[in-house]
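Remarks on the structure that follows.
Read the figures in this text as sums done on the coordinates, not as results from a lab. The structure presented is a predicted model; accordingly, all values stated were derived computationally and were not measured. Ideal geometry is used to build each Cβ from the backbone, glycine not excepted, and the neighbour counts take in all protein chains shown.
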Amino acid sequence: MRLALLALALGAFAIGTTEFVIMGLLPEVAADLGVSIPTAGHLISAYALGVVVGAPLLTALSTRLPRKNALLLFMAVFLLGNLLTVVAPSHETVLAARFLAGIPHGAYLGVAALVAAHLAGPARRATAVARVMLGLTIANIVGVPAGTLLGQLTGWRTAFLVVAAIAALTVLGVARWVPHVPIAQRGGLRGEFSALARPQVLLGLLTAVFGFAGVFAVYSYISPMMTELAGMPSAGVPIVLALFGVGMTLGSLIVGPLADRWLRPTIYGSLAGLAVVLALFAVAVQNPWTAAIGVVVLGAVGFGVTAPLQVLVMSRAGTAPSLASASNHSAFNLANAGGAWLGGLGIAMGFGYASPAVIGAVLAVAGLGIAVTAGLIDRRGSAPEASVRASEPASVSAIRA
């Protein structure tokens, strides 16, 4: 089982690296493709939109496909997208390649979590899922900074070539070590879409879109912000990205236990804290030391809200959480696309490289407003949180843990 989990986590590592490494290489990408940095930021949005489209679409299309076969198919598409990114000659073709690479993102992670939970059994599901998702965290601590440094030294396309190589290793590892897993009996697509249409699920997804967009309004342009405002050399950007990954890890460790006890208050607190941190970051980014500290705090507060929102959406979906869970990946990546676009818009309009932080703060406040509204509706018309937990499926309990 350990080798199977390692193969699944390797795929998560590749996905996390390709999604975020572009943010540290925007100046190099823009210079090579002959476009402005805000225009190069559209490559971030293209990948995110691929996830938005691909997560629910591939989840729906693969309901009758054996899970091992689905994993191999998803990772093969991801591999192709990254190879095309390496050889694409223009901004438009790189844009299309990034969109293709993003399509299997959410579907792979969703199926990988289900396979890990099945292999571990009921007693160790949470541990197995956590080990697979550890690939995403390690990607932000190791893969993204290393890929950024490699891209700066040898050309940005080299970073994506390495990601493609890791994807190829994942295909081999899944084929060799992941056993065939039987298809679970589910209520069918009608039940999944019915669960997705529930108001509390939709409000949870909308909270993720607005709240998380604030993070990506800043993180998408972290490289030029550090070099232009904080006065760091470009060689310092990989260190900043590693600090962001450390913040992500700390946030996940701290927020998880809090969300187990107080789910909605944890969401409220995270979004309110995110708004404050983003507003202060517009000032902190002017100094390299305060900018570095701010990056750690931003990573902790920003990504700390992801797990509580994931649990909330899945619990409100009841006994048909698969499509809702995949759509949550779409919501977070729609936030990625929207945040990158709005942050770039502020820069392009001449408001400076600090403007994405202010824009992000406004988006976080909007997300908080939606979350509070959903909580008030839930309090009036739904059962208490405890009754929801008592009836939630085992997959939700595993992710909550």
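Computed from the alpha carbon atoms alone, the convex hull of the chain holds 115 Å³ per residue. For the chain, the longest piece that avoids every one of the chymotrypsin sites (Phe, Trp or Tyr not before Pro) found in DSSP loops with at most 16 other C-beta atoms within 10 Å covers 1-261. Positive end of the dipole of the chain (Cβ unit charges, origin at the Cα centre): among Ser45, Thr93, Ala107, the Cα lying farthest that way belongs to Ala107.
Taking other residues whose beta carbon is less than 13 angstrom from the beta carbon of Val163, and scoring Lys, Arg as +1 and Asp, Glu as -1, yields +1.
Taking every DSSP helix (H) stretch of at least 4 residues in the chain, weighting each as -39,500 (n - 2.57) and dividing the sum by the residue count yields a mean residue ellipticity at 222 nm of -27000 deg cm²/dmol. Dipole check for the stretch 1-185: with +1 at the C-beta of Lys and Arg, -1 at the C-beta of Asp and Glu, and the Cα centre as origin, the magnitude is about 840 Debye. Which one, Ser327, Ser36, Ser355, has the greatest fluctuation when you compute a Gaussian network model over the chain with C-alpha springs under 10 angstrom? Most flexible of the set in this elastic network: Ser36. Comparing Met23, Ala117, Leu258 along the charge dipole axis of the chain, the residue lying farthest to the positive side is Ala117, per the Cβ-charge model.
Electrostatic tally near Ser234: other residues with Cβ closer than 12 Å to its Cβ, Lys and Arg +1, Asp and Glu -1, net -2. The fewest-to-most ranking of Glu92, Glu228, Glu28 by surrounding Cβ atoms within 10 Å reads Glu92, Glu228, Glu28. Charge dipole of the chain (Cα centre as origin; +1 on each Lys and Arg Cβ, -1 on each Asp and Glu Cβ, all else neutral): 1320 debye, rounded to the nearest 20. Largest GNM mean-square fluctuation among Ala60, Ala324, Ala46, using the chain with Cα springs under 10 Å: Ala60.
Distance from the alpha carbon centroid of the stretch 21-36 to that of the stretch 250-290 works out to 29 angstrom. Summarising the label geometry, the points placed 7 Å from Cα in the beta-carbon direction at Met1 and Ala175 lie 2.7 nm from one another.
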